[in-house]
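A short worksheet on the structure shown next.
The values are calculated or read from the model by the stated rules, or taken from the named source; none is laboratory data. Please read all numbers here as calculations on a predicted model, not as lab measurements. Positions of Cβ are backbone-derived with ideal geometry, glycine not excepted, and every protein chain shown enters the neighbour counts.
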């Protein structure tokens, strides 16, 4: 879909002028690195594959660089911004640069890592330039709180992207890899050069797309997500140890851990990095079955 003539995208000069007028300097604490290249945000909005009936959840819209092309493609954009100054300014920017699209925007001031509800129709897509220090918690929170979100396209630090998409057995495979795999399939879809940001970060960035499973694990596994994630956390808390040893505090003893692992058809001598989400589900199921027997 072509950009409408009335949507004037933001460039470096406009963003710096906005920042100067607001007396705002990018906050390292909030992980603020703003995209100042119109071509980059247009590319990201295109990769999101939005439809006119999509409701987009945008986390950390900042000055609105990405918000503008998202509004041109989606039916509605709910922008969640933690900085109250930026949150107050965003509707004014959209009204000035895309007046015909301003009615599609809803701005929420708050912390996306704690987000549990939004006004209006639930979101169907997450699109965001995420602060590097909270990228994974934000994505996991959104996927947990909003089952309506079927797709995500997020820009994150390259190392974070590698962990998000890592398969079992790889060097970067860990807790984020497993927990994201519970919800859906993550894959890298592009890179973003450092020079399109202000200020220029010291790390590279990548785009990660996540597609939610058509059959959610919550419905198929018969075991709560919290139980599975507890096993994952325990397995990686002592990454270099075997599962028999790493899961012993969680299970109550090394012997109990071994019994549960064998009941789940998992080799106790393996390490946590060797298991996929299906194996972690089986371990949690075995633990649940054992508790049921004890309680009965």
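Before moving on, here are some points about what is shown:
- Taken over region 122-154, the criterion of being out of contact with any helix residue (DSSP H, G or I) (no Cβ under 7 Å at 6 or more places or on another chain) and either in a strand (DSSP E or B) or at pLDDT below 95 (or both) is satisfied by 125, 128, 129, 131, 133, 151.
- Test: residue in region 23-36 that is surrounded by fewer than 18 Cβ atoms within 10 Å (Cβ to Cβ), modelled with pLDDT of 95 or more and closer than 23 Å to residue 153 by Cα: no
- Only a single item in (1) under 23 Å from residue 184 (Cα atoms); (2) at pLDDT below 95 is not met by residue 240, and it is number (1).
- In the set (1) assigned to a helix (DSSP H, G or I); (2) within 22 Å of residue 213 (Cβ to Cβ); (3) free of Cβ contacts under 8 Å to residues at least 60 places away in the same chain, residue 266 fails one condition alone, (1).
- Failed condition for residue 119, given (1) part of a helix (DSSP H, G or I); (2) at pLDDT below 95: (1)
- Annotation: residue 80 fulfils all but one of (1) more than 23 Å from residue 40 (Cα to Cα); (2) not in a helix (DSSP H, G or I); the unmet one is (1).
- Residue among 187, 171 that alone is touching a residue at least 12 places away in the same chain (Cβ under 8 Å) and surrounded by fewer than 16 Cβ atoms within 10 Å (Cβ to Cβ): 187
- Any pair with Cβ under 9 angstrom, 6 or more apart, that starts in region 43-70 at a residue that is not assigned by TED's automatic domain parsing to the domain that holds residue 33 and ends at one that is surrounded by 24 or more Cβ atoms within 10 Å (Cβ to Cβ) and not in a loop (DSSP other than H, G, I, E, B): none
- Restricting region 68-84 to residues that are under 19 Å from the mean Cα position of the chain (by Cα) and farther than 18 Å from residue 31 by Cβ, the residue that is surrounded by the most Cβ atoms within 10 Å (Cβ to Cβ): 77
- Just one of the numbered conditions (1) buried (at least 17 other Cβ atoms within 10 Å of the Cβ); (2) touching a residue at least 12 places away in the same chain (Cβ under 8 Å); (3) in the same structural domain as residue 55 (by TED's automatic domain parsing); (4) within 21 Å of the chain's Cα centre (by Cα) is not true of residue 228: (3).
- Scanning region 231-263 for residues that are crowded, with 16+ Cβ neighbours inside 10 Å and within 29 Å of the chain's Cα centre (by Cα) turns up 231, 232, 234, 235, 236, 238, 243, 246, 247, 250.
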